[in-house]
Amino acid sequence: INHIVHNGGLYKRPFNEAFEETPMLVAVLTYVGYGVLTLFGYLRDFMRQWKIEKCQNATEREEQKDFVPLYQDFENFYNRNLYMRIRDSWNRPICSVPGAKVDMMERVSHDYNWTFTYTGRVVKDIINMGSYNYLGFAQKAGTCQEAAAKVLSHYGAGVCSTRQEMGNLDKHEELEKLVARFLGVESAMAYGMGFATNSMNIPALVGKGCLILSDELNHASLVLGARLSGATIRIFKHNNMQSLEKLLKDAIVHGQPRTRRPWKKILILVEGIYSMEGSIVRLPEVIALKKKYKSYLYLDEAHSIGALGPSGRGVVEYFGLSPEDVDVMMGTFTKSFGAAGGYIGGKKELIDYLRTYSHSAVYATSLSPPVVEQIITSMKCIMGEDGTTVGKARVQQLAENTRYFRRRLKEMGFIIYGNEDSPVVPLMLYMPAKIGAFGREMLKRNIGVVVVGFPATPIIESRARFCLSAAHTKEMLDTALKEINEVGDLLQLKYSRHRLVPLLDRPFDETTYEETED
């Protein structure tokens, strides 16, 4: 389904997203593939039970067989018999800066991926298409590195205390004022871990008697935070405003279960860019619904801050909206800023409340000073406060790389999910055997990619996920595209029935389709 939205006064720009339906034959073959793997898995478990095949997985000791089991055999069935076949596609150790190119340690397995041995060889100059290095600030030289090294020599590496005790540095105060100015909000607070920014702050904002409306594809940190809060959770379909509005109406009409009292708070949880789908939240419509039904909005901009908007200020700027319309603006420093940690921005009353009641603020150790300086320097670069236009150029370069890469993949005939402006580019693989094959074949050609399968995605929607960077040159992208095209032909991955026509004289924003034979 191809969505092209230009909804009256809500959208100030075209909003193009594509989620092409899985071809029926591909879906059937994918299920058959998983069925065959499952049958062989049961056969191998039978052989392990009768000592015909060596059992390498964790099992109970004989003297503990009557105890409550530590290892659930059935739950580990997938890891043991399916994941283990393609385990070499993950956790590959790199030994360089995760920039546009990386160096990777070579490893081999002699027991079908149960264990790995390092050969001592380093594979050099692999084009990195997997890291969230959107603006190219993951680098070992330049102004950010020099500033961080200077702060390291002055403050040291660690703080050894929480912000409320002896861990509140002048650098932390400087960072928070800068973040608030960058976002256009009254106040902001920085945290040492992006995941914990969500999982530890949502419980401070809502609790029993509150209602959370969460997108079905929200990140695990949002899901964990919602569960820890004790609030009632209801799920709406991904980016589906009709589904969200129905839940809002029902919540207001019916109130809490049994008592029918009004909900204390209704909090909508959404992300700016969804990291598995490559889609962008329909923020103008979400804000319109939030205002209409008097609820609160929590926006996770982990992937969108720095990567969207004319000056990199995220999805709010991308749609030309006011930051005041978003009650809680959350984001991370781990991606566009090449650092670590997260932040929450909003009204001063909100931030003052979180400083006192957030577990992540009260109990967690403060951000490391060199990391803080990396964030400050990169953020000032994006804002142009370093006296250069380097930051603005990086934001523009990322946007150009994104559109070019997405367009070329669609022209080749791959099924690509997501929004045309999203730097997260999922390429659909579907079949379980092709997950490992695609990752291995790309690595043979010196391209590092991330492949994703069940349970991180629905069982028939396995994919490769590319993350574009401003550090990627056109030559690097062309090299990667050439190899992807070659591997796509080799593995027969070009499933799309709506192939883009590569017209050189076509206007940049327009898209032409031709129906190809099934």
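Its Kirkwood hydrodynamic radius, worked out from the mean inverse distance over all distinct Cα pairs, puts segment 41-100 at 14.2 Å.
Of Lys264/Lys335; Lys177/Lys410; Lys171/Lys392; Lys237/Lys348; Lys237/Lys291, which pairs sit farther than 31 Å apart, going by alpha carbon to alpha carbon? Over 31 Å Cα-Cα: Lys264/Lys335; Lys177/Lys410; Lys237/Lys348.
Indicate, rounded to the nearest 5 percent, the antiparallel portion of the DSSP beta bridges found entirely in the chain. It would help to have the intermediate numbers written out before the result.
Values: 37 of 56 bridges.
Antiparallel: roughly 65 percent of the beta bridges in the chain.
Both radii are taken from the alpha-carbon atoms of the chain; with Rh as the Kirkwood radius, Rg/Rh is 0.97. Counting only lysines at least 8 places from Lys65 when in the same chain, those with an alpha carbon closer than 19 Å to its own are Lys51.
Based on the mean of other Cβ atoms within 10 Å per residue, sort peptides 144-150, 429-435, 208-214 so the most packed one is first. Write out the running numbers ahead of the final one.
Values: 144-150: 17.0, 429-435: 22.4, 208-214: 20.1.
Answer by packing, highest mean first, reads 429-435, 208-214, 144-150.
Average 1/r across all pairs of distinct alpha carbons in segment 191-248, invert it, and you get the Kirkwood radius: 11.7 Å.
Given a 1.4 Å probe and heavy atoms of the protein chains only, how would you sort Asp125, Asp352, Asp66, largest accessible area at the top? Show your work: numbers first, answer last.
On the way: Asp125 90, Asp352 65, Asp66 135 Å².
If we order Asp125, Asp352, Asp66 from most to least accessible, we get Asp66, Asp125, Asp352.
Provide the packing ranking of 441-447, 370-376, i.e. peptides ordered by the mean count of other C-beta atoms within 10 Å per residue, highest first.
On the way: 441-447: 17.7, 370-376: 24.3.
Averaged packing, sorted descending, gives the order 370-376, 441-447.
If one puts a single equal scatterer on every Cα of segment 126-224 and applies the Debye formula without solvent, what log₁₀ I(q)/I(0) results at q = 0.10, 0.11, 0.12 Å⁻¹? Rounded to two decimals, the profile gives -0.45, -0.55, -0.65. The accessible area of Lys265, taken with all protein chains in place and a 1.4 Å probe, comes to roughly 80 Å².
Only protein heavy atoms count here; under a 1.4 Å probe, Glu216 has an accessible surface of about 100 Å². Over the chain, DSSP H runs of length four or greater, each weighted -39,500 (n - 2.57), average out per residue to a 222 nm ellipticity of -11500 deg cm²/dmol.
Taking only Cα atoms of segment 143-383, what ratio of Rg to Rh do you get with Rh as the Kirkwood inverse-distance radius? Don't jump to the answer; show the numbers that get you there.
On the way: Rg = 18.0 Å, Rh = 18.3 Å.
Across segment 143-383, the Cα-based Rg/Rh ratio is 0.99.
Temperature 37 °C, viscosity 0.692 mPa s: under these conditions the Stokes-Einstein estimate for segment 304-346, based on its Kirkwood radius over C-alpha pairs, is 308 µm² per second.
The Phe454 and Asp125 beta-carbon pair, evaluated with R₀ = 25 Å, returns a calculated FRET efficiency of approximately 0.20.
The values are calculated or read from the model by the stated rules, or taken from the named source; none is laboratory data. As the structure is a prediction and not an experimental result, all values here were calculated from the model. FYI the Cβ positions are ideal-geometry reconstructions off the backbone, even for glycines, and counts take in every protein chain you see. Keep in mind that these areas ignore ligands, DNA and RNA; they rest on the heavy atoms of the full protein, side chains included. Shrake-Rupley method; radii C 1.70, N 1.55, O 1.52, S 1.80 Å.
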